[in-house]
Structure formats: C-alpha cells, structure tokens
C-alpha cells in the first residue's frame, strides 16, 4: 500500500480519537485526578513513617558503631550530653526492673498492639485533620523504631541527655523525640480546639 494512504488512515484515526475525547469532555465535566486523595494520603503516611524510622535507625547505628559505653561528648557547657546507654526498659527506662512474663507483655506485646491500633486508626479515618494525622504517625514511628530494637537487640539504644538545671531529661533517642513531638501536637491541637468552644459558650451565656 502506498505511503500516502497509510498516513491518511493514521490521520483519520487520530482525528476520530480527538473527536471522541472532545465528546466525552464536555464543558463543565470534572476530570478525575490520576491519583486519588486516598492514595496520596496512604503514600504520605508510608513516606513519613519510613523517614522517621530510618532517621532513628541511622542515628542508633552510628552510636552503636562509633561509641563505647564510657564515651561521652558534651555540648553547650554540658547542657547537652551524648553517651551510649542500652535501655532494657520502655520509654526513658520505665519497666526496667520488671522480669518474666509481665516484662514481655509490657515491653513487647502491649506496644505491638498499640502500634497496630494506631496504624488501623490512621488508615481508616480519612476525616483526621493534617496535624492530628502527622502527630499520630510520629508516635507510631517512634514506637515501631524502639520496638524493633527491643525485639532484635533485647534493648533500645539511647544516647541523648539534656540538663538545663530546672529542666532535665532522662537519656533518650530520636524515636523518643518523635513520640514526645506527636504527643505535644495532639495536646496542643486539643487545647486550641477546646479554646474557641469555651469562648463561644461564654459569649452565649453573656448574651
């Protein structure tokens, strides 16, 4: 077949396709995005989880590989100290003195159940606002990172200590920072959400 007829047939087919698309996309027709909001939300949760857990694990690997138990690095006139501690308890050493089944339940089973519940909650509640979603994901990431250490190594690597006189912390790690940040965000959001409601009630009573 001559090349002229082949090109004509291809042009005719392209014209038919263009007309068909124009008929489908009438004025005012909403075009659905290729990635739904639900998919974007799931991707956001997974990426944030991976970033937080990855950051925590990288810092712990660096501490385990490059610091001995008696090494200590102080910064800002000893207000911030870096030294390696293997925490066999829970958050900030809680539950360290427990033994037997109670210890395993408190340090492994309960955190695992809490993480599963948190995962189920964030993936099945599309009505969560962005701040609450990020806060819960931070808490889940911190819990997962520490739980991984506890299962694999039998302890959690802590290495940061802050002492500003009246304000002093225990020894903690990046995962603990995520847990505290998430908790603070939830409390802050609840406080700001409650405050306008209280002001509205006072205004109603005044009227």
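No value in this document is a laboratory result; all are computed from the given coordinates. As the structure is a prediction and not an experimental result, all values here were calculated from the model. Neighbour counts run over all protein chains shown; Cβ positions are idealised from the backbone, glycine included.
Sorting check: for 150-161, 174-185, 63-74, which peptide has the highest mean count of neighbouring beta carbons within 10 Å, and how do the rest follow? List each step's numbers first, then the result.
On the way: 150-161: 17.4, 174-185: 19.8, 63-74: 11.4.
My ranking of the peptides, most packed first, is 174-185, 150-161, 63-74.
Going by C-beta contacts inside 10 Å, put 88, 124, 169 in order with the fewest on the left. Walk me through the numbers before you get to the answer.
On the way: 88 17, 124 8, 169 14.
Ordered from fewest to most neighbouring Cβ atoms within 10 Å, 88, 124, 169 come out as 124, 169, 88.
Using every alpha carbon pair in the range 34-206, what percent of pairs falls into each 5 Å bin from 0 up to the bin containing the largest distance?
Histogramming the range 34-206 at 5 Å steps yields 1, 8, 14, 16, 16, 14, 11, 8, 5, 3, 2, 1, 0 percent.
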